[in-house]
Amino acid sequence: MAILVTGGAGYIGSHTAIELIQAGYEVVIVDDYSNSKPAVIDRIEELSGKRPAFHEVNICDKDKLREVFEAHELEAVIHFAGFKAVGESVLEPLKYYNNNLNGTIVLMELMNAFDVKNIVFSSSATVYGMNNTAPFTEDMPLSTTNPYGTTKLFIEQFIKDQAAADKDWSAALLRYFNPIGAHQSGRIGEDPNDIPNNLMPYITQVAVGKREQLSVFGSDYDTPDGTGVRDYIHVVDLAKGHLLALENVLKTTGVEPYNLGTGVGYSVLDVVKAFEKANDVAIPYQLVERRPGDIGTSYADATKAKAELGWETEFSLEDMCRDSWNWQKSNPNGYA
Ligand code: UD1
């Protein structure tokens, strides 16, 4: 029996594939390389000692995805595949709705057809919207501020409705906080197309000399130093959370959301200072206007994942900064 990992060549998917293989699972990756590179598969093999099965497929392509279900005996799906740039989703909402929502419907229809009713879904803390106060708990009311976030919220709902209609379904909805860091080997990491939207890839590109300085979006938030506070989590801790969520999904039915965060918030300037200290490199920055749609403070109440999945984070902010930099400096142009 194998685990299908959609988007398994991506940043979080590739780290998760390694954890799965190391735990003895047979892994089948589907990815269309829209935001990843073929070299990732080689590096998963290099780091885990085993090459995962791979199919270059866009999950909206039902005929091709069906062939993957026919070729492998699957017992569960970990679903990462999806577009994830917030700003782009505002400019091209239909592209996001088409890819993320249609792709998931196609995937879930095939899961039904092949009686594969276990899923771990890559959701996001973005579903807590702008109206809740941190720490966020899983039972808070959900809303979103952009089409990317709306696709996460809708997919959570698709899965809840499907599990209500068919009691054999079992699902974990993993609400990630802010994943950063990279595999300690420095061989896989985050490799964004174009100019990075997110904080850590931007910082590492400043450190490597590709960008002149960091713009810090907003210094008048109601936070200790005025800059935005987030719950940064090491991508390897996050990947391990998927493994524990999968194990739980395989032995239960029904749907449960879980926050995957550390439970601790750091400001943008905390991250800049931690990065400079961990790596002995200067990060020039300027304070600029707030970025539309950003909230001041976001961090998890991570007690549910600990209580029900036995999951706890191990890595510190310093570890995250060290590993992000290790990846970027040994791969200044990513996988290219
Ligand atoms: C963003 C998305 C979120 C998505 C997550 C994962 C928004 C509003 N939210 O979260 O939906 O799930 O990425 O990829 O885009 N910052 C700077 N300068 C920069 C970049 C970021 O100061 O160049 C600040 C931000 O204002 C924020 C913090 O750094 O306070 C983290 O930003 P980012 O890494 O983009 O993540 P989020 O906005 O939290």
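The values are calculated or read from the model by the stated rules, or taken from the named source; none is laboratory data. These numbers were taken from a predicted model, which means no experiment stands behind them. Here the Cβ positions follow ideal geometry from the backbone for every residue, glycine too, while neighbour counts run over all protein chains shown.
Scanning the range 258-274 for residues that are touching a residue at least 24 places away in the same chain (Cβ under 8 Å), more than 12 Å from the ligand (Cβ to nearest atom) and farther than 13 Å from Phe177 by Cα yields one hit, Ala274. Among the residues of the range 250-303, which ones are in a loop (DSSP other than H, G, I, E, B), farther than 18 Å from Asn198 by Cβ, hydrophobic (A, V, I, L, M, F, W, C) and touching a helix residue (DSSP H, G or I) at 6+ places or on another chain (Cβ under 9 Å)? Answer for the range 250-303, where residues must be in a loop (DSSP other than H, G, I, E, B), farther than 18 Å from Asn198 by Cβ, hydrophobic (A, V, I, L, M, F, W, C) and touching a helix residue (DSSP H, G or I) at 6+ places or on another chain (Cβ under 9 Å): Val264, Val281, Ala282.
Within the range 304-329, the set of residues being farther than 26 Å from Asp191 by Cβ, in a helix (DSSP H, G or I) and without any contact (Cβ under 8 Å) to a residue 60 or more places away in the chain comprises Lys306, Ala307. Considering the range 67-153, the qualifying helices (runs of 4 or more DSSP H), each wholly inside and each with 2 or more residues that are hydrophobic (A, V, I, L, M, F, W, C), away from the ligand (no atom under 16 Å from the Cβ) and over 22 Å from Ala305 (Cα atoms), run over 103-113. Determine, yes or no, whether Lys84 is basic (Lys, Arg) and within 19 Å of the chain's Cα centre (by Cα). Considered against the rule, which asks whether it is basic (Lys, Arg) and within 19 Å of the chain's Cα centre (by Cα), Lys84 comes out as yes. Just to be sure before I move on: is Gly189 part of a loop (DSSP other than H, G, I, E, B) and free of Cβ contacts under 8 Å to residues at least 12 places away in the same chain in the structure I sent? In short, no. The number of residues in the range 198-212 that are near the ligand (Cβ under 10 Å from one of its atoms) and in a loop (DSSP other than H, G, I, E, B) comes to 2. Please go through the range 28-39 and pick out each residue that is surrounded by 24 or more Cβ atoms within 10 Å (Cβ to Cβ) and among the hydrophobic types (A, V, I, L, M, F, W, C). Matches in the range 28-39: Ile29, Val30. Within the range 290-303, the set of residues being out of contact with any strand residue (DSSP E or B) (no Cβ under 7 Å at 6 or more places or on another chain) and either over 25 Å from Val86 (Cα atoms) or among the acidic types (Asp, Glu) (or both) comprises just one member, Thr303. Selection within the range 160-197: residues that are over 28 Å from Thr137 (Cβ atoms) and aliphatic (A, V, I, L, M). The member of this set that is farthest from the ligand (Cβ to nearest atom) is Ile188. For residues that are modelled with pLDDT of 95 or more and basic (Lys, Arg), scanning just the range 292-334, find the one that is farthest from the ligand (Cβ to nearest atom). That would be Lys306.
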